[in-house]
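Report on the structure given below.
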Amino acid sequence: MKLLVKKSSLHGKGLFAAQEIPWGVKIIEYKGELISDAVAEERAARGADCIFELHDDKNIDGAVMGNAARYANHARKRPNCFVLRDDNRIWIVAGIEGIRKGEELTFDYGSTFYPP
């Protein structure tokens, strides 16, 4: 999958599609260091913002040994992607309308991260 990281109008850097992506396609796996809840809480308290909960006491810190998936930004009203937790992996997946070439990849980070 061809993706680009560049300046985002939403926040800092963003992840953009360099080609059309049909709905349902697993675009990119969210990678990074596997850490415990305690370490995740400690890092978040220091300002870490690329930590993704995998399951009980397992989190992925995309800022450490991560990949471009960490640049997918938050959108509450019209996200074009969703997250799939599958077999101890986290995937960013194209939403029902697919993604146009040049479009920024977004998903809803959830109300815990961004209250309504």
| query | Among (1) touching a residue at least 12 places away in the same chain (Cβ under 8 Å); (2) not assigned by TED's automatic domain parsing to the domain that holds residue 3, which single condition is residue 45 missing? | reply | (1)
| task | Please enumerate the residues belonging to region 53-103 that are within 14 Å of residue 14 (Cα to Cα), without any contact (Cβ under 8 Å) to a residue 40 or more places away in the chain and in a strand (DSSP E or B). | result | none
| message | Which condition from (1) without any contact (Cβ under 8 Å) to a residue 60 or more places away in the chain; (2) touching a Leu at 6+ places or on another chain (Cβ under 8 Å) is the one that residue 7 breaks? | response | (2)
| note | Taking region 9-42 and the residues there that are modelled with pLDDT under 95 and assigned by TED's automatic domain parsing to the domain that holds residue 86, the one that is nearest to residue 64 (Cα to Cα) would be 12
| request: Please work out if residue 33 is touching a strand residue (DSSP E or B) at 6+ places or on another chain (Cβ under 6 Å), charged (D, E, K, R) and farther than 21 Å from residue 103 by Cβ. | output: yes
| So which residues in region 62-72 are surrounded by 22 or more Cβ atoms within 10 Å (Cβ to Cβ) and farther than 8 Å from residue 30 by Cα, if there are any at all? | 71, 72
| message | Out of the residues in region 13-23 meeting the condition of being touching a helix residue (DSSP H, G or I) at 6+ places or on another chain (Cβ under 8 Å) and not aliphatic (A, V, I, L, M), tell me which one is farthest from residue 103 (Cα to Cα). | response | 13
| Condition check for residue 100: surrounded by fewer than 17 Cβ atoms within 10 Å (Cβ to Cβ) and farther than 27 Å from residue 23 by Cβ | no
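So that you can scan it fast, the table gives a plain yes or no per residue for (1) loosely packed, with under 12 Cβ neighbours inside 10 Å; (2) at pLDDT 95 or above; (3) touching a strand residue (DSSP E or B) at 6+ places or on another chain (Cβ under 9 Å):
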| position | (1), (2), (3) |
| --- | --- |
| 49 | no, no, no |
| 52 | no, no, yes |
| 74 | no, no, yes |
| 92 | no, yes, yes |
| 108 | no, no, yes |
| 115 | yes, no, no |
| query | Can you tell me how many residues in region 12-36 are in a strand (DSSP E or B) and of a type in the set (Asp, Glu)? | reply | 2
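The values are calculated or read from the model by the stated rules, or taken from the named source; none is laboratory data. Note that the structure is predicted; figures quoted are calculated from it, not measured. Every residue, glycine as well, gets a Cβ built from its backbone with ideal geometry; the counts of neighbours run over all protein chains shown.
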